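The values are calculated or read from the model by the stated rules, or taken from the named source; none is laboratory data. The structure displayed is predicted, hence computed values, not measured ones. Cβ coordinates were reconstructed from backbone atoms using ideal geometry, including for glycine residues, and neighbour counts include every protein chain displayed. When the accessible area is computed, the model is the full protein with side chains, heavy atoms only, and any ligands, DNA or RNA have been set aside. Shrake-Rupley method; radii C 1.70, N 1.55, O 1.52, S 1.80 Å.
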Amino acid sequence: MLKSEERLFTEFEVPSTQEWLDKIQADLKGADFNKKLVWRTNEGFSVPPFYRREDVQKLKTPEALPGEFPFVRGNKKDNNVWFVRQNINVEDAKAGNAKALDILNKGVDSLGFHFCGDCVNAEFVETLLEGIHCECVELNFSTCKRRSLALAKILVEYFKKKGYDNAKIVGSIDWDPIEKIVTKGKDVTQLLSLAPQIVDTLKDYPNFRCIAVNADALNNSGAYIVQELGYALAWGNEYLSELVDAGVDPVLAASKIKFNMGITENYFMEIAKFRAARLLWAEIVKQYEPKCDCACMMCVNATTTTYNMTMFDSYVNLLRTQTETMSAALGGVHSIVVKPFDAVYEQPTEFSERIARNQQLLLKEESHFDKVVDPAAGSYFIEELTTSLAEAAWKLFLKIEDEGGYLEAVKKGTVQDDINATNNKRHDDAAKRKEFILGTNQFPNFIETSDGKSPLTCACKCGSKNEESTFKVINSSRLAADYEELRMQTEHSGKVPTAFMLTIGNLAMRQARAQFSSNFLACAGYKIIDNLGFDTVEEGVDAALKAGANIVVLCSSDDEYANYAVPAYNYLAGRAMFIVAGAPACMDDLKAAGIENFIHVRCNVLETLKEYNTKLGIK
C-alpha cells in the first residue's frame, strides 16, 4: 500500500510544452500544425489540441469557490441539484391541473404553465393549482405580456389565501416584452413601464422571479454560443438598468431576473457557457453596487434546442437532447426542460414526454449528476473554454452597450441581422455538409417515409391580430428544414426515383464511392440499390435498367473513370440520369463527351439534389 508521501512516476521526466510540440510536429510529417490540429471555433477564438497546467495557472476561474462570488462554479456549495421541469400548454384549467398532478408523480418537480391572456383570472388560477402544494413545487407561468401584471396580483392573493410561506414559493412569470420585438417585430415598448409594478407586486417573494430574458429564442434561431451569451447579458442588463433607474433597489431588481437559455449539441462549449454566463452576470450586477453578493447569482432555466431537431430519423433527437441535458446539468443550471423527441412535428405524446422526463431522472438517479458541485472545475480544457467564451461574449456585450444598449440594438435590427446571418451561414454549411445533421444530411435512413408527419408551425395566439411588424425579426427555421422539405417533395410526388450504384473496377474505391453516393442521394428520399460490382459497364447498365433505375451512378476510381465513364454514358443513351461519383482529373473530358452530373465532397448537396428533382420532373 502506498504511503501518503510517496509519489508515482517520479522516475519519469516531465516533458516540456516545446517537447510536446516537437513530437507533434514530427508526427505531422511537415503538415501545418495550425491547419491540422487547431480548432477554429465559430465563437471567434481558436482551441489548441492540448493544454498543460501552465496554461491554466494564468486563469482566475480555478481560484473560485462554489457558492461564492463570482459564482462561476455555481450558486450552491454542497450539491448540484436542479429542477426537472416540464411545460404544459393549458387551454382548459381542469385538464391542465390533471396533467400537472399526473406528472408530479412521475419525477417532475417544476411546472411550466402556458396559457392565453383571456385565461388570466382568479378562478382559472385556482382551478389550475388545485391540489398542488406550491411550497414543494417550482411554478412557472407564461401568458400574454399585457396580462402578466394581473397574473402576478392573482398569484399573490392565491398564495396569501393558502397561507404559504413566502420564502418557500419558488418560480417565475415569463414577462419579456423585448422577446416579442425580436421574434415577432411587434412594437411593445410601451409595456416596459410595467416592469417596476410587476417587481413591486412580487417583492415579498424572494425566490419568485418575474422578469425573463428569453435568450433561448436566439439559440433556437441558430445563434452561436457567444452570440446567445453576449446578447443575453446585454438583454438582462437592459432590464436591470431600467428597473434601477425607476427606483427599484439593485438587490430586488437583480433577484427578479431569470434567464431562459438554450442548449446546443456543442457539449464542452455548453458546459463552459453556463459557467461563463454566471461569471459575467455577477460582474455586471456588481457594478450596480448591491448590498449583498447574493444579488449577483444568475438564475438559468436551460431548454434543449429545437434548432438541430429533425422530423426524419427523429429518435436521433434523443441523442441530441441527452448530451445537451448533460451539458446543462454539469454546467450547474437552476432547472432544465428537455424537449420531447417528436416536438417538431406533433404535439408530444405521453410516451415522448415520459422519455424526456426520464432523460433528466437518469442523470440524477443513476448517474448522480446532482451530487457533485461543478465537476468540470479544474479541467484544463473547460477552464480555458470558460475564459475564452467569457472574453468573447464580453466584447459583444460591450459593443452593444456602446451602441446604446440591447433595446436600441433590437430596434435598429442589429441583433436580428447578426442572428439571421449566422442562421443563413449554418443552413448553407448544412447544404454543403460542412455542418452535419445525423440522419438528415449524413447517414439518412434510406427507407424511412414521413408517414403523415409534417413540421409544426407556431400556434401562439397571444398579441393583437391588428398589430403590424414594426421591427426586424429573427428567422427560426430549423437546420434540417430545407432537407425535410426536399425529401417530402420527393415522397409526395408519387414517383420516388431509384438510384442504382454501378460499381466497377478498384474494389476499395468503388465501395467507398457507392457508400458516399448512397448517402448523398438518400438525403432526397431516393430509393437506393447498391451492388457488389460488375465486370463491364454494359452489364451494370443492363442490370440498372432491369431494376427500373431512374439514376445510374458510376462508382469507380479516378484513374478508371477515363476508361469507364464515356462507354457507360453512351451505352445508357439517355434512358436514365447518369452520374459520376467523384471529381476526377479527366472531368473536363467527360463533360466534353456530354456527361453533366458529378457528385463529390465539394458539392452543395442540397442544391444539387434540388436540381436533380427538377430534372426528374419532381415538383
Hey, Phe578 over 25 Å from Glu491 (Cα atoms) and in contact with a strand residue (DSSP E or B) (Cβ under 7 Å, 6 or more places away or on another chain) or not = no
When you scan region 579-619, how many residues do you find that are open to solvent by 90 Å² or more (accessible area, probe 1.4 Å) and β-branched (Val, Ile, Thr)?
-> 2
Could you tell me whether any residue of region 382-395 is farther than 30 Å from Asp55 by Cα, in contact (Cβ under 8 Å) with a residue 12 or more places away in the chain and among the hydrophobic types (A, V, I, L, M, F, W, C)?
-> no
Has region 81-92 got at least one residue that is over 25 Å from Cys299 (Cβ atoms) and at pLDDT 95 or above?
-> yes
Which of the residues belonging to region 61-95 are loosely packed, with under 13 Cβ neighbours inside 10 Å, charged (D, E, K, R) and either touching a residue at least 12 places away in the same chain (Cβ under 8 Å) or in a loop (DSSP other than H, G, I, E, B) (or both)?
-> Lys77, Asp78, Glu91, Lys94
Any idea which of (1) touching a helix residue (DSSP H, G or I) at 6+ places or on another chain (Cβ under 9 Å); (2) farther than 25 Å from Asn441 by Cβ is the one Asp588 doesn't satisfy?
-> (1)
Right, Ala122: surrounded by fewer than 18 Cβ atoms within 10 Å (Cβ to Cβ) and hydrophobic (A, V, I, L, M, F, W, C) or not?
-> yes
Among (1) over 31 Å from the mean Cα position of the chain (by Cα); (2) part of a helix (DSSP H, G or I), where does Ile178 come up short?
-> (1)
Any idea how many residues of region 118-145 are over 29 Å from the mean Cα position of the chain (by Cα) and part of a helix (DSSP H, G or I)?
-> 9
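Across region 308-324, what is the total count of residues that are of a type in the set (Phe, Trp, Tyr) and either in a helix (DSSP H, G or I) or surrounded by fewer than 22 Cβ atoms within 10 Å (Cβ to Cβ) (or both)?
So the count comes out to 1.
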Return a yes/no flag: does region 496-511 have any residue that is among the hydroxyl-bearing types (Ser, Thr, Tyr) and surrounded by fewer than 21 Cβ atoms within 10 Å (Cβ to Cβ).
-> yes
Only one of these conditions is not met by Thr422: (1) more than 18 Å from the chain's Cα centre (by Cα); (2) open to solvent by less than 20 Å² (accessible area, probe 1.4 Å). Which number is it?
-> (1)
For region 72-123, how many residues meet the condition of being farther than 17 Å from Leu139 by Cβ and of a type in the set (Val, Ile, Thr)?
-> 2
Candidates Phe598, Phe578 - the one that is outside any helix (DSSP H, G or I), touching a helix residue (DSSP H, G or I) at 6+ places or on another chain (Cβ under 9 Å), closer than 16 Å to Ser517 by Cβ and free of Cβ contacts under 8 Å to residues at least 24 places away in the same chain | Phe598
Picked from region 465-524 (must be small (Gly, Ala, Ser) and part of a helix (DSSP H, G or I)), the residue farthest from the chain's Cα centre (by Cα) is Ala508
Test: Glu538 is touching a helix residue (DSSP H, G or I) at 6+ places or on another chain (Cβ under 6 Å), without any contact (Cβ under 8 Å) to a residue 40 or more places away in the chain, among the acidic types (Asp, Glu) and farther than 19 Å from Ile599 by Cα | yes
Kindly provide the set of residues from region 276-300 that are surrounded by 24 or more Cβ atoms within 10 Å (Cβ to Cβ) and among the β-branched types (Val, Ile, Thr), ordered by number.
-> Val285, Val300
Has region 528-541 got any residue that is part of a helix (DSSP H, G or I), farther than 17 Å from Gly582 by Cβ and open to solvent by less than 50 Å² (accessible area, probe 1.4 Å)?
-> yes
Is it true that some residue in region 183-193 is open to solvent by 40 Å² or more (accessible area, probe 1.4 Å) and within 28 Å of Ala329 (Cβ to Cβ)?
-> yes
Tabulated pairs, region 356-378, first assigned to a loop (DSSP other than H, G, I, E, B), second loosely packed, with under 12 Cβ neighbours inside 10 Å, C-beta under 8 angstrom, 6+ apart or interchain | Val373/Lys77; Val373/Asp78
Using beta carbons and a limit of 7 Å, which pairs, at least six apart or on different chains, have the first residue in region 604-618 and over 17 Å from Ala583 (Cβ atoms) and assigned to a loop (DSSP other than H, G, I, E, B) and the second one open to solvent by 10 Å² or more (accessible area, probe 1.4 Å) and among the small types (Gly, Ala, Ser)?
-> Ile618/Ser493
Note: among Val108, Val125, just one is without any contact (Cβ under 8 Å) to a residue 40 or more places away in the chain and more than 30 Å from Ala234 (Cβ to Cβ), namely Val125
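Quick check on region 30-41. Is at least one of its residues closer than 30 Å to Cys296 by Cα, part of a loop (DSSP other than H, G, I, E, B) and open to solvent by less than 90 Å² (accessible area, probe 1.4 Å)?
Checked region 30-41: at least one residue is closer than 30 Å to Cys296 by Cα, part of a loop (DSSP other than H, G, I, E, B) and open to solvent by less than 90 Å² (accessible area, probe 1.4 Å).
I'd like the full set of residues that are outside any helix (DSSP H, G or I), out of contact with any strand residue (DSSP E or B) (no Cβ under 6 Å at 6 or more places or on another chain), touching a residue at least 40 places away in the same chain (Cβ under 8 Å) and not charged (D, E, K, R), limited to region 401-446.
Correct list: Gly405, Gly413, Ile437, Leu438, Gly439, Thr440, Asn441, Gln442, Phe443, Pro444, Asn445.
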What single numbered condition from (1) under 12 Å from Ala499 (Cα atoms); (2) exposed (fewer than 14 other Cβ atoms within 10 Å of the Cβ); (3) small (Gly, Ala, Ser) fails to hold for Gly574?
-> (1)
Sort out which residues of region 197-216 are surrounded by fewer than 23 Cβ atoms within 10 Å (Cβ to Cβ) and closer than 28 Å to Ala393 by Cα, and write them in order of number.
-> Asn207
Residues Ser352, Ser327: which one is touching a residue at least 40 places away in the same chain (Cβ under 8 Å) and within 23 Å of Asn87 (Cβ to Cβ)?
-> Ser327
Within region 512-527, the count of residues that are surrounded by fewer than 19 Cβ atoms within 10 Å (Cβ to Cβ) and among the small types (Gly, Ala, Ser) comes to 1
